[in-house]
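The values are calculated or read from the model by the stated rules, or taken from the named source; none is laboratory data. For clarity, every value in this text was computed on a predicted model and none was experimentally measured. Positions of Cβ are generated from backbone atoms using ideal geometry, with glycine treated the same way; all protein chains shown enter the neighbour counts.
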Amino acid sequence: MSEDRIENVIIIGGACAGYTAAVYAARADLEPLVIEGFQWGGQLQNTTEVENYPGFPEGIMGPELMNNFRAQAERFGTRFITDDATKVELSDGGVQKVWVGDDLYRAKAVILAMGAEPKRLDIPGEMELGGRGVSTCGVCDGAFFKGRDVMVIGGGDTAMEDSIFVSKYADKLSVVHRRDEFRASMVMQDRAKEQANISFKTPYVPEEFIAGDSGALERVRLRNAETDEVEEVEVGGAFVAIGHIPGSALVEGQVDLHDNGYVKVAEPSTKTNLAGVFAIGDLVDFTYRQAITAAGSGCRGALDAEWYLRDTPPTDEELMEAAEEARNAAEAGVGS
C-alpha cells in the first residue's frame with residue numbers, strides 16, 4: 001500500500017454488517033478495505049448453532065457462518081486488516097482518516113460497523129457456559145430450550161422482551177432481578193405478567209452459573225439482596241438480558257449518538273450527520289439486533305457509500321491535498 005493511497009471506502013468492523021457491506025462494495029469495484037479487528041466475527045463468533053439465518057435449513061455454527069461471510073467478501077477482492085482501529089478523524093465530506101496503531105489510512109468514505117456487545121454479569125461460569133445453557137439472546141436461542149425450566153436475568157425492557165419470547169418454548173420461566181422494582185416500561189411488564197408460565201423472583205442477585213456432570217448449565221446460585229440468604233436453583237437454561245453496549249466510543253464526539261450511545265442515522269438510509277460517513281448493524285440497531293437485520297443494514301450501507309462516491313465524492317482539490325499530506329507525513333516518518 002503506497003503512503004499516498006486514498007481508499008474508496010474503509011469499513012470498520014468485521015461481522016455480519018461489515019462483511020455484507022464488503023461483499024456489496026467489492027462487487028461494485030470499490031476495492032474495500034475492512035479493518036475487521038482482532039475479535040472479528042462479532043457475537044456470532046461466540047455462538048454455537050444458528051437456526052434462524054435463511055439459507056441453512058439444517059442450521060449452521062456461528063463461527064462457520066462468519067467464516068463464510070468473510071470468504072465471500074474476500075472472493076470479490078476485499079482486503080482485510082486483522083487489527084483494531086484505534087482512532088478516527090472524521091469530517092463532513094472530504095477525506096476521512098482512520099488509524100490502526102501508528103498507521104494512518106485515508107478514504108473517500110467510511111462505513112462504521114463496530115457492533116455492540118451484550119452486557120455481562122461478570123460472575124463465575126458465565127463465559128465458560130456460554131452456548132451450554134447460558135445465552136445473551138432470547139430471540140436467537142429460545143427455541144433450543146423447549147420444555148425446560150429457564151431463567152431470565154434482568155429488569156429492563158430487554159429482559160421482558162426475552163421473557164415473553166422464550167416463554168413460548170419454556171415450560172416454566174423465572175425472571176430474576178436484583179430489586180423489587182423493574183426498569184422496564186409498564187406495558188412490557190404487564191405483557192410479561194400476562195404469561196401464565198412466567199414468574200418473578202426478586203430481589204435476588206445471581207452469583208454463579210454451575211455446570212452439571214454433562215458440562216452444561218444445571219444450577220444458578222442466587223443471593224437475596226436484602227437478607228444475603230443464598231440458594232441454588234435448578235434450571236435448564238439462563239438468559240442474561242441486562243442490555244448491550246454499542247461500540248461507539250471510537251467515534252464519540254464526531255458523529256451524532258442517541259442517548260444510549262448508539263449511532264444516529266437518517267433512516268431508512270445509513271447516513272450519519274457527516275457526509276461520507278455511514279453506520280450499520282448493531283452499532284445503529286438497538287431494537288432487533290439479529291444477524292439477518294445486520295446483514296441487511298450492511299447492504300444498505302454499501303449502496304449508500306457507492307451512491308455517495310458516484311454523486312458527491314471528495315473534490316479533486318481535497319484528494320490532492322490529502323495525498324500531499326500523506327507524502328509529507330511519509331517523508332517525516334509519521335504514519336503511512
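Numbers at a glance
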{"read-out": "Residues of the range 138-153 classified as under 22 Å from GLN189 (Cβ atoms), buried (at least 19 other Cβ atoms within 10 Å of the Cβ) and either out of contact with any strand residue (DSSP E or B) (no Cβ under 7 Å at 6 or more places or on another chain) or β-branched (Val, Ile, Thr) (or both), total", "value": "4"}
{"read-out": "Test: residue in the range 306-315 that is of a type outside the set (D, E, K, R) and closer than 25 Å to GLN43 by Cβ", "value": "no"}
{"read-out": "Every residue from the range 1-50 that is assigned to a strand (DSSP E or B) and in contact with a Phe, Trp or Tyr (Cβ under 8 Å, 6 or more places away or on another chain)", "value": "GLU7, ILE10, LEU33, VAL34, ILE35, GLU49, VAL50"}
{"read-out": "Residues of the range 112-136 that turn out to be at negative phi and either of a type in the set (Asp, Glu) or in a loop (DSSP other than H, G, I, E, B) (or both), as a count", "value": "14"}
{"read-out": "Given (1) free of Cβ contacts under 8 Å to residues at least 12 places away in the same chain; (2) in the same structural domain as GLU232 (by TED's automatic domain parsing), number of the condition GLY130 does not satisfy", "value": "(1)"}
{"read-out": "Some residue of the range 263-276 being more than 22 Å from GLN290 (Cα to Cα) and over 24 Å from the mean Cα position of the chain (by Cα)", "value": "no"}
{"read-out": "Residue list for the range 221-239, filter: crowded, with 19+ Cβ neighbours inside 10 Å and either of a type in the set (Gly, Ala, Ser) or touching a Leu at 6+ places or on another chain (Cβ under 6 Å) (or both)", "value": "GLY236, GLY237, ALA238"}
{"read-out": "Given (1) in contact (Cβ under 8 Å) with a residue 12 or more places away in the chain; (2) acidic (Asp, Glu); (3) assigned by TED's automatic domain parsing to the domain that holds LYS172, number of the condition ASP256 does not satisfy", "value": "(3)"}
{"read-out": "Some residue of the range 226-236 being closer than 23 Å to LEU44 by Cα and part of a helix (DSSP H, G or I)", "value": "no"}
{"read-out": "Complete set of residues in the range 304-331 that are touching a strand residue (DSSP E or B) at 6+ places or on another chain (Cβ under 8 Å) and surrounded by fewer than 16 Cβ atoms within 10 Å (Cβ to Cβ)", "value": "ALA329"}
{"read-out": "Residues of the range 51-66 satisfying the condition of being assigned to a helix (DSSP H, G or I) and touching a residue at least 12 places away in the same chain (Cβ under 8 Å)", "value": "GLY62, PRO63, LEU65, MET66"}
{"read-out": "Set VAL134, VAL139: member being farther than 30 Å from LEU274 by Cα and either in contact with a Lys or Arg (Cβ under 9 Å, 6 or more places away or on another chain) or not aliphatic (A, V, I, L, M) (or both)", "value": "VAL139"}
